[in-house]
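None of the figures in this text is laboratory data; all of them are computed from the coordinates on show. Owing to the predicted nature of the structure, the values given are computational and were not obtained by experimental measurement. Neighbour counts are summed over all protein chains in view; Cβ atoms, including those assigned to glycine, are modelled from backbone coordinates with ideal geometry.
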């Protein structure tokens, strides 16, 4: 038997890690934080919500669809908005505004969908958690197993992909030195597109786990954004494995710290939980600006 | 209802919105358009100002007049508020001075929050700064929503009606006129500020910080001052929003409405150009209010709530502007410099006068 705190911690860490690794990956390609990254979570979450609410079937059947749809949206965002703007020489502030705009656009579209589905199929589409659709294995909720296994698997797979496969090495080359990679005949743009797809797909997966654990609204992903940022910054913002570790740590802090404070008797403090990512961000930026990765290993820090 | 009356009512609703958003957007234009500081946490100072107007004046009246002191201001809000309004309606002078005091206090709160956000702003690289400010922006909303004794928690509070002494029929006009005056004064202030040597220094820091430093300018302190001034203006804007709606509820303040929309207005109108910003504000406020007015008529054709069209229209138009006219509707004015001939003439005349 596991106590709720452990389960909550592990699920939350998984969501944070899965989403922050995607944010870091896209940051490496375009050099701006993607403010629309939370929207990938919202999209992934709503795929699961609609599937479960309309058809009444298990959200696990559409994990692939959550990942695929978010991945495609990410590719569209990169191809249609960021890459053209960057090639016109827009400043990084402009690119950031563009990502914020995409987030706002996706918010509008998701709200329209939620309204439409709610009216046509007469189901709740806001503030809805799919915990009742989750099942248990040996009295462990499946979402926790999914969360742990996706973190472990994506760490292993990303490691193999980036270090052992030709494609992954080409992607690393495009990230670290685009012009040199181009000279060597690597299609940098295609590599970046792939990176955006992976980022969106991981975001969609995180969103699907989010829907299984926490109530979803059309702003859930945007509300989760500070946590994603904190995880990535803790990981150094340019290290993929750093951000995985950062996500796990921030996820832990996010559920363990409020619990500890509550144990001390300040139960009302729990409401202020969203402050924690900001605190982590400020502490990291003040004391360890290049994140936990600067402590031990160097991979990925060369690129500035 | 007759047609002109409808139009008048529309304008009466529109003008306060334009005024408040003009002040927010001008403060963002000062930061981003002239100073190059990407403030993605605009909502922080706006909420600061709004919360102050929601929290302070009413409780001040209760303290001054001593009624209902034994009651909690927020728990017994419906009971206390009519008494506060009665006091203010009886005494126009008190009402007006209290309102001005609240506005100044809101600006101070905004400046204080600006000072807070300037701590990371002068230290961090652009992307880190944007992420930090975005995360900071929502903190105050969160506190206001959860901590009952600030602005009543989830229920919110009413703002005392400062114009209670004016006949009901004219109240709307007076409020709209007053807010317009504030917006106009802000516009003049920002315009003068950006034309002053300080404004030119700010622009030079935006264009090349190292150059400004090499010429002996303390760029950190200039940036900090700018963020504080912009924070004060955003606090004023928050107070204006609170005065206009007559109530303050943390739920009504958000990243989308008070950070993103001002950014859209500034960029579409033309960053670094105050008149352009004003055009952007008017354009978008008219658009979004029109959607609001024709909500019911449009809703008949659409299977969803029409308000969701606003984000889609706003973001699409911003993206279009970014692609096809990155400088915005009005481009930034070039700093007028004298030609060498004019300079020579000036030198001659100075010499002649000696």
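Quick notes on this one:
- Entry note, chain B: the mean residue ellipticity at 222 nm calculated from DSSP H runs of n ≥ 4, each adding -39500 (n - 2.57), is -24000 deg cm²/dmol after division by the residues and rounding to the nearest 500.
- With 20 Å bins from 0: P(r) over the protein assembly as shown, alpha-carbon pairs, percent: 17, 49, 29, 5, 0
- Angle of helix A:37-55 to the longest C-alpha principal axis of chain A, folded into 0 to 90 degrees and rounded to 10: 40°.
- Degrees, to the nearest 10: A:220-234 long Cα axis against longest axis of chain A: 50
- Calculated over segment A:157-304: convex hull of Cα atoms, volume per residue (Å³): 133
- Tilt relative to chain A, helix A:4-30 - C-alpha long axis, 0 to 90 degrees, to 10: 20
- Segment B:219-354, relative contact order [Cα under 8 Å, separation at least 6], %: 26
- Normalised by the number of residues in chain B, the mean separation of alpha-carbon contacts (under 8 Å, six or more apart) gives a relative contact order of 31 percent.
- Taken over segment A:4-222, the alpha-carbon convex hull comes to 117 cubic angstrom per residue.
- Whether segment B:144-200 is rounded, prolate or oblate, judged on the alpha carbon gyration tensor where a/c under 1.5 counts as rounded: oblate
- Its relative contact order, with pairs defined as Cα atoms under 8 Å and 6+ residues apart, puts segment A:39-85 at 40 percent.
- Per-residue [θ]222 nm for chain A (sum of -39500 (n - 2.57) over DSSP H runs n ≥ 4, rounded to 500): -23500 deg cm²/dmol
- Mean partner shielding of peptide B:312-324, defined as the number of other chain Cβ atoms within 10 Å of each residue Cβ, is 5.
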